[in-house]
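Chemist: Have a look at the structure that comes next, please.
The values are calculated or read from the model by the stated rules, or taken from the named source; none is laboratory data. Keep in mind it's a predicted model, so treat the numbers as computed, not measured. All Cβ positions, even for glycine, are placed from backbone atoms using ideal geometry, and neighbour counts span all protein chains on display.
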Amino acid sequence: MKTTSNLIEEEYFETKILEYQESVNNNNISLSNELFRKICNIYKPEKYINTWQKQYQYLYDSPEDFKQEYMKIFITTLKKWKPRDLRNKSRYNGVGSFKNYFWGSLSHNFINVVKAVEGSAKRNISTRCPECNEWHNPISSHIIKNHTSVLWEKLNNDGIMINVICECPFCSNNIYKGTTKITNNDLVKKHIISKHLPLLFEAFSEKHPDFVHHNTKHFSVDLEGEDSTNIYDITPSSETLISKLVNSNLSEIQKIMIDHIFSKQNAAFIYSAKLYKCEECVFNEELEDLKEKIHILQDI
C-alpha cells in the first residue's frame, strides 16, 4: 500500500511528465531537456535496463544498441503517457501509472521485434534447441509454442503452484476471459505467456545458460553526444503503424476490424453481430483494447 509520501512523489513525477509534454509541444528545447533530466533523476530508467536486456539482448548487435532502443521507447512513452482520468477505461482495471504504461510499451515493442524476426526467418539460420535437441527456425517461436513447461517448472520450484492458481502472481490485472471455455488455471497460464512473456525466456536462459540466441541486425540510434544526451536525436521507425498493428498480438475480432477498414472506403468501427460474431459488449471491449494498442504503437 502506498504511503502519503509515495503518493506525493508520484504526483510530482506525473506533473513533470505533463510539463515535459507541454514543453515538447511548444518546441521549447532547453526546458524540455531540463525537465527530461529531472524526470530521469526521479524515475532512474537505467535501473530497469538489465531486467529487459537479459531477455532481448539477442535481438541486437551490442548492449549499446539495446540501451539506445530502450531509451527511445522511454522517451516515446514520456510523450504519450496520460493520467488515468484522461485515458479510456481499461478492461483490466489498471492503475494507469507511468511505470505500467512504460513497461507495456516495452513489452509491445520487443515482442513485435521477435515477431519481425520470425517473419524474416527464411533469412536466418536454424538453431538447435537445448531443451529438445532439435533444430528450429525461428527458435523464439519454438520456445513459446513447445517449452512453456520450462517456466512452469521454475515457478513450481519458486513456490508458485502453477497448476492450481487461478490468479496471476505477477500482476493484479483482471484477466479477460471472453467467451472461451478453458479452465481458470489454463486462463492464468495463457495470461502469463501473453502479458509476462519475458519470464519464459528468463527461465529458459537460466536452465540453459550456455544457450545463445541467433543475433539479428538492428541499426543503432546515436543518442549520446560529447556533452550530454540529446533527446531529439532519435531516428523514427521506418515501419508504418499498420505494419506494427498487423505484427502485434491482435485478437480475431480486432483482425476483422482492421480488414474491414481496408476493404471498405470510409469504413468505421460500427458494431455488427453478423460481421464480428460476438455480443456488442465484447465488440466494445475489443475496440477499446485496439485503440490502446494503436496509442502505444504510434511512433515506437
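Chemist: All but one of (1) within 18 Å of E286 (Cα to Cα); (2) at pLDDT below 85 hold for L187; state the number of the condition that does not hold.
Modeler: The failed condition is (2).
Chemist: Given the condition modelled with pLDDT under 85, exposed (fewer than 15 other Cβ atoms within 10 Å of the Cβ) and more than 26 Å from S97 (Cβ to Cβ), answer yes or no: does some residue in region 196-210 qualify?
Modeler: Yes, there is a match, as at least one residue in region 196-210 is modelled with pLDDT under 85, exposed (fewer than 15 other Cβ atoms within 10 Å of the Cβ) and more than 26 Å from S97 (Cβ to Cβ).
Chemist: Just name the residue that is modelled with the highest pLDDT out of those in region 139-183 that are assigned to a helix (DSSP H, G or I) and of a type in the set (D, E, K, R). Lay out the reasoning, then the answer.
Modeler: Filtering region 139-183 for residues assigned to a helix (DSSP H, G or I) gives 139-146, 149-157.
From the residues that got through so far, the ones that are of a type in the set (D, E, K, R) too are 145, 153-154.
Details: K145: 86, E153: 94, K154: 91.
Out of the qualifying residues, it is E153.
Chemist: Out of Y70, Y56, Y101, report the one residue that is part of a helix (DSSP H, G or I), under 15 Å from the mean Cα position of the chain (by Cα) and at pLDDT 85 or above. Break it down stepwise before answering.
Modeler: Values: Y56 fails: at pLDDT 85 or above; Y101 fails: at pLDDT 85 or above.
Just a single option satisfies the conditions, and that option is Y70.
Chemist: Continuing with this model, one more query. Quick check on my filter: what residues within region 238-289 are among the aliphatic types (A, V, I, L, M), within 30 Å of E69 (Cβ to Cβ) and at pLDDT below 75?
Modeler: Selection gives L241, I242, L245, V246, L250, I261.
Chemist: Out of region 124-143, which residues are of a type in the set (A, V, I, L, M) and surrounded by fewer than 18 Cβ atoms within 10 Å (Cβ to Cβ)?
Modeler: I125
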